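Q: First the structure, which I've put down as structure tokens, then a few questions once you've had a look.
The values are calculated or read from the model by the stated rules, or taken from the named source; none is laboratory data. Here the structure is a predicted model, which means the values were calculated and not measured. FYI the Cβ positions are ideal-geometry reconstructions off the backbone, even for glycines, and counts take in every protein chain you see. Surface areas here come from the heavy atoms of the whole protein model, side chains and all, with no ligands, DNA or RNA. Shrake-Rupley method; radii C 1.70, N 1.55, O 1.52, S 1.80 Å.
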Amino acid sequence: MSRNWLVALVVLAACQPKSPELELMQLDTIQLENATLKVEVLADSLNVPWDLDVDSESFLWVAEQEGKVSRINLKTGDQKYLLQIPEVWKVRTSGLLGMVAHPDFSKNPFLYLNYTVKNDSLIYSKLVRYRYKEDSLINPEVLLEIEGGTSHNGSRLAFGPDGKLYWATGDKHDYTYSQNREKLNGKILRFNPDGSIPSDNPDPTSPVWAWGFRNMQGLVFSSKGLLFTSEHGDAIEDEVNLIRKGGNFGWPAIEGKHDLPAEIDFASANQTIEPIRSWTPVIAPAGMTYYGSEVIPDWKNTLLLTTLKGKSLRILFLNESGDSIDGEEILFENLYGRLRDVAVGPDGAIYLSTSNQDWNPQPGFPLPGDDKILKISPSSSLSSNPISPVKASEILALDGKQLYKNYCASCHKEDGSGVAEVFPALVNSQVVLGDTRRLIELLLKGQVSSDGAQAMPDFSFLDNREAAEILSYIRTSWGNSASSISSTQIESLR
Ligand code: HEC
């Protein structure tokens, strides 16, 4: 390029209206078939950002469980705290749990919040509407107050393409509520934006839209206008449901698929609706969003589901008519810890919140700077060690090498070389090659390093076969040569 050209370019650039690229700290890159992505930190040092919502002015709203509300300018990254609700009662899973901005925010600058309060011994779940004005949230109006509990308070809020407000409530851990349509717990409720009851609800005197739920953690409309929820099962059967007006989703008579004799009887007597996906063992699904953008073509027409126990993002591929799930991929497993919510920005970027400061911290977490909001967006380059999603169906029968890659390589590296002074090398390790009992116990129980800085997580959730596959793999790879370990050996030490 000639010098003149360069000068011309510099002058041109100087005349452009300023739109500085937002510079964020990059954590990782992701390789998909048709896209290359980067993961960056949009915000850090938060305390359990339970709900994320992008408004129609392209700002990201953040609700932290203890009752804080902030708004982030997605172009500059500036975060402004606008509200701390003093009456929020935060214990374990209660607190500020649901948030949504009015879909036409410039015209109707309303922010809807749901949170738990406790007066003496009585617990409530409140639906409150605030008005946004000049960088503050004012005029709180209580639209509804329902019973709350020490757990199972839900909850999520969403606006439908019909302009109505939907609220997914928890059953407050009372088995009699979900099937009782007089009670507003364990339901999806539907309102006009002012909190009144729409005349086309199943019962025009009640906000109840659908019932038979336990504790929903995700609520989202797809581009086809279909409403999906994610929900925590008890010890088994986490669910994603496709919600129908007036539908009964079976809890507590039915858990997950209608597959037990008593469930089949209840289902035919009550016309209940089966989940479109269920998970056993459970993954603890949390916030969910719909991805409809072309920006990440691999993920067009998917539900993106965060998981807590699963410590991953699930990519649920919808079929063409958008009413069933025909594929699932798992990303970030164990990498950033518990993930609480996810939202999509106007330019197709994805925002995820971590939940490593919550009531159930996992070994190895929180990481420095937690909790964070992560941004996933296209990247022009890949780092040396990019992440790729794994097909969920493959996880079912993965061999030792693949299991190692999914569960161990993030710390001990794919070639077993570890990270100096942080994660020990497994190559030539006396622990790996030595006493099998000690090795199995380390895997099943985990271990905090002597200086307390790092921990080997506990992998007791692996089944016997998986644990045996992984340990056999590390004892026979990268030049290690020791005997294999069997499922029976694992079982005997549980
Ligand atoms: C989050 C990071 C992390 C992950 C994931 C992880 N480990 Fe570890 N691992 C550690 C740390 C840290 C230590 C050292 C603990 C200590 O100092 O006692 C360790 C120690 C070990 C050791 C002892 C090595 C030695 O020579 O002392 C073995 C064996 C091991 N891990 C196996 C595994 C296997 C198998 C997996 C996958 C199932 C796994 N680890 C996953 C962090 C991790």
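Q: Does the range 236-373 come out rounded, prolate or oblate by the C-alpha gyration tensor, with a ≥ b ≥ c the root eigenvalues, rounded set by a/c under 1.5 and, if not, prolate when a/b is larger than b/c and oblate if not?
A: Oblate.
Q: Would you please classify the overall shape of the range 397-492 from the alpha carbon gyration tensor, given that a ≥ b ≥ c denote the square roots of the eigenvalues, rounded means a/c under 1.5, and beyond that prolate means a/b larger than b/c while oblate covers the rest? Mind showing how you got there, number by number?
A: Values: a/c = 1.43, a/b = 1.25, b/c = 1.15.
Because its axes are fairly even, with a/c under 1.5, the range 397-492 counts as rounded.
Q: Okay, next question. I need the peptides 195-207, 104-116, 212-224 ranked by packing, meaning the mean over residues of other C-beta atoms within 10 angstrom, with the highest value on top.
A: Ranking, from highest mean packing down: 212-224, 104-116, 195-207.
Q: Full-extension gain between L493 and D435, please, as 0.36 nm times their residue separation minus the C-alpha to C-alpha distance.
A: So the chain would gain 19.6 nm between L493 and D435.
Q: Around D415, what is the net charge, scoring Lys/Arg as +1 and Asp/Glu as -1 over all other residues with Cβ under 14 Å from its Cβ?
A: +2
Q: Pop out the carbon and sulfur fraction of the accessible area of the range 397-492 as a percent, whole number, probe 1.4 Å.
A: Carbon and sulfur: 50 percent of the exposed surface of the range 397-492.
Q: For the chain, with only Lys/Arg (+1) and Asp/Glu (-1) charged at the beta-carbon, what is the dipole magnitude about the Cα centre, in debye rounded to 20?
A: So the magnitude is around 580 debye.
Q: Suppose each label sits 7 Å from its Cα in the direction of the beta carbon; what would the S450-S199 distance come out to in nanometres?
A: 7.7 nm
Q: Which whole-Hz couplings ³J(HN,Hα) result when phi for each residue of the range 188-196 is put into the Karplus expression 6.51 cos²θ - 1.76 cosθ + 1.60, θ = phi - 60°, listed in order with x for Gly and Pro?
A: Each residue of the range 188-196 in turn: 9, 9, 10, 9, 6, x, 8, x, 6 Hz.
Q: Compute the signed sum of charges (Lys and Arg +1, Asp and Glu -1) over the other residues within less than 15 Å, Cβ to Cβ, of I146.
A: Value of the local net charge: +3.
Q: Okay, moving on. Please list, or write none, the lysines whose alpha carbon is within less than 17 Å of the alpha carbon of K126, excluding same-chain residues fewer than 8 places away.
A: K68, K90, K118, K172, K183, K187
Q: So for the range 375-460, taking the charge dipole from beta-carbon charges (+1 Lys/Arg, -1 Asp/Glu), which of L403, G452, S381 sits furthest toward the positive end?
A: S381
Q: Compute the Cα gyration tensor for the chain, then decide on rounded, prolate or oblate, letting a ≥ b ≥ c be the square roots of its eigenvalues: rounded whenever a/c is under 1.5, prolate when a/b is larger than b/c in the other cases, and oblate in all that remain.
A: oblate
Q: Under 13 Å from the 7 Å Cα→Cβ point of S223, by amide nitrogen: which residues of the range 274-310?
A: From the range 274-310, the list is 290-303.
Q: Mind giving me the FRET efficiency for K133 and S206? R0 is 25 Å, r the Cβ-Cβ distance, nearest 0.05 is fine. Intermediate values should be presented prior to the final figure.
A: Working: r = 33 Å, r/R0 = 1.31.
Using R0 = 25 Å, I get an efficiency of 0.15.
Q: Would you mind getting me the FRET efficiency between M25 and I264? Use the beta-carbon distance for r and R0 = 45 Å, nearest 0.05. Walk me through the intermediate numbers first.
A: Numbers: r = 52 Å, r/R0 = 1.16.
The formula returns an efficiency of 0.30 here.
Q: Right, another one. Out of the range 78-170, which GluC sites (Glu not before Pro) are coil in DSSP terms and have no more than 16 other C-beta atoms within 10 Å?
A: Answer by residue number: E87, E134.
Q: Taking 8 Å as the Cα distance limit and 6 or more residues as the minimum spacing, I'd like the relative contact order of the range 25-378 as a percentage.
A: Taking the mean separation of contacting Cα pairs over the length of the range 25-378, I get 15 percent.
Q: Evaluate the relative contact order of the range 397-492 (contact order divided by residue number), counting alpha-carbon pairs under 8 angstrom at least 6 apart; express in whole percent.
A: Working: 122 pairs, mean separation 25.7, N = 96.
Relative contact order here is 27 percent.
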